[in-house]
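Below is one structure, written out as structure tokens; comments come after it.
The values are calculated or read from the model by the stated rules, or taken from the named source; none is laboratory data. These figures come from a predicted structure and were not determined experimentally. Reconstructed Cβ throughout: ideal geometry from the backbone, glycine too, with neighbour counts over all protein chains shown. To get the accessible areas, we keep the full protein, side chains included, count just its heavy atoms, and leave off ligands, DNA and RNA. Shrake-Rupley method; radii C 1.70, N 1.55, O 1.52, S 1.80 Å.
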Amino acid sequence: MQTTFSLAQLADPHVAESEKILRACVHCGFCTATCPTYVLLGDELDSPRGRIYLIKDMLENDRPATQEVVKHVDRCLSCLSCMTTCPSGVHYMHLVDHARAHIHQTYQRPFFDRLNRALLAAILPYRDRFRFALAGAALAKPLAPVLDLIKPLRPMAAMLRLAPGFPKGRAPSEMPGTHAATGPRRARVALLGGCAQPVLRPEIDEAAIRLLNRFQVEVVRVEKEGCCGSLVHHMGREEQALAQARANVDAWTAEIEGQGLDAILVTVSGCGTTIKDYGYMLRLDPAYAEKARRVSALAKDISEYAATLGLPVAERPMGHKVAYHAACSLQHGQKVKGPPAQLLRTVGFEVAEPSESHICCGSAGTYNMLQSELAVQLRDRKVANIEKLAPSIIAAGNIGCMTQIGSGTDLPIVHTVELLDWATGGPVPGPVAAAGLHAAA
């Protein structure tokens, strides 16, 4: 794609990077076939190619974002399916992130849109605030149909509908500290706590810790580590995102330079995509650039790391058909597609993958709240494809996907690592036990 940025504009490293990305695009349109919003809406401006044109025009002319640009960029899920499809290697993720930051800096959103976004940015990345908010949401849930009648308040209605009920208290596994390996230690890893998952489903990380310990891996919960920054990063709140990234880099660097780390493991694939990008996000910060690159190099999804542990091949089948949902952030963002399903097969599950597995479920961080109508359409499409497989269990590697898909089906949905833990000696995952399912005798 030809560009006409001035030398003065290209002096800005963010603009220079976006210009390089724009020039890689050859207008082929392969991305449109795999873009969820284009598949739903059929509007060129709701495809990656269309958004690229809008972003190019906005940045090249150095002008504030318009309502039209904001509408179509907001509809982007950042599922990154386009990056998997693109034959030219267009790094759409970094381009749309730049566009969102530009929108946040130059566009005055309507009052309720600003309010909804400010609430999400002030609550979701902070565990204690999120717990408190969930308690309030459990009480206010009956108001969701009323809020749905007022268009600017529909995101709040979506928040209430997605809330699972009264939150649990802090789990012991959430606390900073070390979980010793069983037998001689073969490795030492940090396990990201993050923000939302310990509040919604602390048993996921408990399963990860048991599995890792069982295979002689010491697990440390690092003090002063918190939200990875992805939630606010995808809302264009770049300063808040970078501050959260720096805090994590500091926490993990202290551990690396102290007792050492062989890996930084993540059980939320959306977080993993962002942490693996810290080196890029902080590349212009001389105090953090090198440290961030080191952190990104150590970051791995739990399924990537579990594939190196040598999990034993099952002597007998577990007796359940599992529909494996490949989270977009894992298959497109991190290019991790094969290991989760293969691991589940290794330990004894029958695994099936739904048709249109490349299409997003509609969760996408805060998308299912801020763009709830499109998100529900994508969820229902995903659930229909999963239920066609007639599975007894759904597995996924991202809490956002689990919450989203779980709101549209009665099938038990659990994290991949919970099934790996169960098959290698751990307890039956809660939702599986609640459905009355047990391992084959």
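Which of the three applies to region 377-419, rounded, prolate or oblate, going by the alpha-carbon gyration tensor with a ≥ b ≥ c and a/c under 1.5 meaning rounded? Oblate is the answer for region 377-419, as a/c is 1.5 or above yet b/c matches or exceeds a/b.
Rounded to the nearest 0.05, what FRET efficiency do Ala122 and Glu290 have when you use their Cβ-Cβ distance and R0 = 35 Å? Before the final figure, lay out the partial values.
On the way: r = 31 Å, r/R0 = 0.90.
Approximately 0.65, to the nearest 0.05.
Matching the structure-derived Cα extents along the principal axes in Å against the labelled list [x] 95, 63, 48; [y] 79, 59, 41; [z] 66, 51, 43 gives the label [z]. Determine the shape class of region 305-358: with a ≥ b ≥ c the square roots of the Cα gyration tensor eigenvalues, call it rounded for a/c under 1.5, and otherwise prolate if a/b is greater than b/c, oblate otherwise. Since a/c reaches 1.5 but b/c is at least a/b, the shape of region 305-358 is classed as oblate. Pairwise inverse Cα distances across region 37-164, averaged and inverted, put the Kirkwood hydrodynamic radius at 16.7 Å. Model label sites at Ser88 and Asp12, defined 7 Å from Cα along the beta-carbon direction, differ in position by 2.3 nm. Listed by chain and number, the lysines whose C-alpha is less than 18 Å from the C-alpha of Lys388, apart from same-chain residues fewer than 8 away, are Lys321. Using the 1.4 Å probe convention, the accessible area of the chain works out to 41 Å² per residue with neighbouring protein chains retained.
Which net charge results when you count Lys and Arg as +1 and Asp and Glu as -1 among the other residues whose beta-carbon is under 15 Å from that of Arg63?
That works out to -4.
For region 47-136, the fraction of 1.4 Å probe accessible surface lying on carbon and sulfur atoms is 56 percent. Applying a length cut-off of 20 Å (Cα extent along the axis) and a mean Kyte-Doolittle floor of -0.5 to the DSSP H helices of the chain leaves 372-387. Extent of region 163-203 along its three principal axes (Cα atoms, max minus min coordinate, largest first): 41, 15, 14 Å. Amide H contacts of His179: Val219, Val220, Arg221, each under 5 Å away and 5 or more positions distant or on a separate chain (H built 1.01 Å from N in the peptide plane; Pro and chain starts excluded). Compute the signed sum of charges (Lys and Arg +1, Asp and Glu -1) over the other residues within less than 15 Å, Cβ to Cβ, of Glu238. Charge balance in the 15 Å sphere: -1.
Value of Rg to Rh for region 7-105, rounded to two decimals, is 0.94; Kirkwood radius and Rg both from alpha-carbon coordinates. Across region 426-435, computed HN-Hα scalar couplings (Karplus, 6.51 cos²θ - 1.76 cosθ + 1.60, θ = phi - 60°) run x, x, 5, x, x, x, 5, 5, 5, 7 Hz from first to last residue, x flagging Gly and Pro. Taking the chain as a whole, the Cys residues whose C-beta sits 4.7 Å or farther from every other Cys C-beta are Cys25, Cys28, Cys35, Cys76, Cys86, Cys361, Cys401. Over region 193-235, all Cα pairs binned in 5 Å intervals from 0 give whole-percent P(r) values of 6, 19, 21, 24, 17, 8, 4, 2, listed from short to long. FRET efficiency for the Arg316 to Asp262 pair, using the beta carbon distance and R₀ = 22 Å, is estimated at 0.10. Converting phi to 3J(HN,Hα) with the Karplus coefficients 6.51, -1.76 and 1.60 and the offset θ = phi - 60°, region 301-308 yields 5, 4, 5, 4, 6, 4, 5, 9 Hz in sequence order, with x at every glycine or proline. Each peptide in 14-26, 322-334 was scored by the mean count of other Cβ atoms within 10 Å over its residues; highest first, the order is 322-334, 14-26.
For region 283-441, the convex hull drawn through the C-alpha positions has a volume of 131 cubic angstrom per residue.
Evaluating 6.51 cos²θ - 1.76 cosθ + 1.60 at θ = phi - 60° for every residue in region 351-362, the Karplus couplings come out as 10, 10, 10, x, 5, 6, 5, 7, 8, 5, 7, x Hz, glycine and proline recorded as x. Under the simplified labelling scheme, the Ala439-Leu139 pair shows an inter-label distance of 4.4 nm, with each label point 7 Å from Cα along Cα→Cβ. Residues considered: Asp97, Asp46, Asp410. Largest GNM mean-square fluctuation over the chain, using C-alpha springs under 10 Å, is found at Asp410. With no solvent and one point on each alpha carbon, what is the Debye value of log10 I(q)/I(0) for region 115-236 at q = 0.10, 0.11, 0.19 Å⁻¹? Summing over Cα pairs of region 115-236 leads to -0.40, -0.47, -1.02.
Annotation: average projected area of region 70-137 is 6.2 square nanometres, based on the convex hull of Cα atoms across all directions. Here the calculated FRET efficiency for Arg170 and Asp43, from their Cβ-Cβ distance with R0 = 51 Å, stands at 0.65, rounded to the nearest 0.05.
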